[in-house]
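The values are calculated or read from the model by the stated rules, or taken from the named source; none is laboratory data. In this text the structure is predicted, and so the values were computed from the model without any measurement. Note that each Cβ is placed from the backbone with ideal geometry, even for glycine, and that neighbours are counted across all protein chains shown. When the accessible area is computed, the model is the full protein with side chains, heavy atoms only, and any ligands, DNA or RNA have been set aside. Shrake-Rupley method; radii C 1.70, N 1.55, O 1.52, S 1.80 Å.
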Amino acid sequence: MTTDTLPRVFAALADPTRLDMVARLAAGDATASELAEPYRMSLQAVYKHLRVLEGAGLVSRPPGPQPRPVRLEAGALDLMDTWIERHRRRLEARHRRLDAVLAEMEGDDDGDGHRGRPGPAGDPDGP
């Protein structure tokens, strides 16, 4: 897969019909006619969607006469998963650092309402 694959994958999945087709293909291979059944569009329009999905590496169709099964390709999904997980880990690390800073700030509160500053001796309210 090339460096421009990921943007093409996300762009292909931005269309609700293509996203639905991919979800349906996760359950098993289907022909273009089978994929067209729930949509109010021509078979030609379904083929246009399939070309976009093929161009993004999300589906494949073996060469040969029609009807040909459309197959979901895991490689593009793996690429998306890797990208999402990398950014999820970065975000979680950022949240852990923020939690640590907040916990440290809460730890500075010595219970008398003053952050780390003791009041004068004998004065429970401090300065």
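Descriptive notes on the structure:
- Only a single criterion out of (1) at pLDDT 90 or above; (2) surrounded by fewer than 10 Cβ atoms within 10 Å (Cβ to Cβ) is not satisfied by residue 71, namely (2).
Matching residues to (1) in contact with a Lys or Arg (Cβ under 8 Å, 6 or more places away or on another chain); (2) farther than 15 Å from residue 72 by Cβ; (3) acidic (Asp, Glu):
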| position | (1), (2), (3) |
| --- | --- |
| 5 | no, yes, no |
| 9 | no, no, no |
| 14 | no, yes, no |
| 25 | yes, no, no |
| 30 | yes, no, no |
| 42 | no, yes, no |
| 53 | yes, no, no |
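A quick yes/no check of all residues on (1) among the small types (Gly, Ala, Ser); (2) outside any helix (DSSP H, G or I):
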{"position": "65", "(1), (2)": "no, yes"}
{"position": "76", "(1), (2)": "yes, no"}
{"position": "81", "(1), (2)": "no, no"}
{"position": "86", "(1), (2)": "no, no"}
{"position": "90", "(1), (2)": "no, no"}
{"position": "93", "(1), (2)": "yes, no"}
{"position": "96", "(1), (2)": "no, no"}
{"position": "106", "(1), (2)": "no, no"}
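- Within the stretch 1-34, the residues that satisfy the criterion of being among the hydroxyl-bearing types (Ser, Thr, Tyr) and not in a helix (DSSP H, G or I) are 2, 3, 31.
- Filtered residues of the stretch 65-86 (kept if in contact (Cβ under 8 Å) with a residue 60 or more places away in the chain and small (Gly, Ala, Ser)): 75, 76
- Scanning the stretch 35-53 for residues that are part of a helix (DSSP H, G or I) and surrounded by fewer than 16 Cβ atoms within 10 Å (Cβ to Cβ) yields 43, 44, 45, 47, 48, 51.
- Pair list, Cβ under 7 Å, 6 or more apart: the stretch 17-30 residue modelled with pLDDT of 95 or more and open to solvent by 30 Å² or more (accessible area, probe 1.4 Å), other residue assigned to a helix (DSSP H, G or I) and β-branched (Val, Ile, Thr): 18/52
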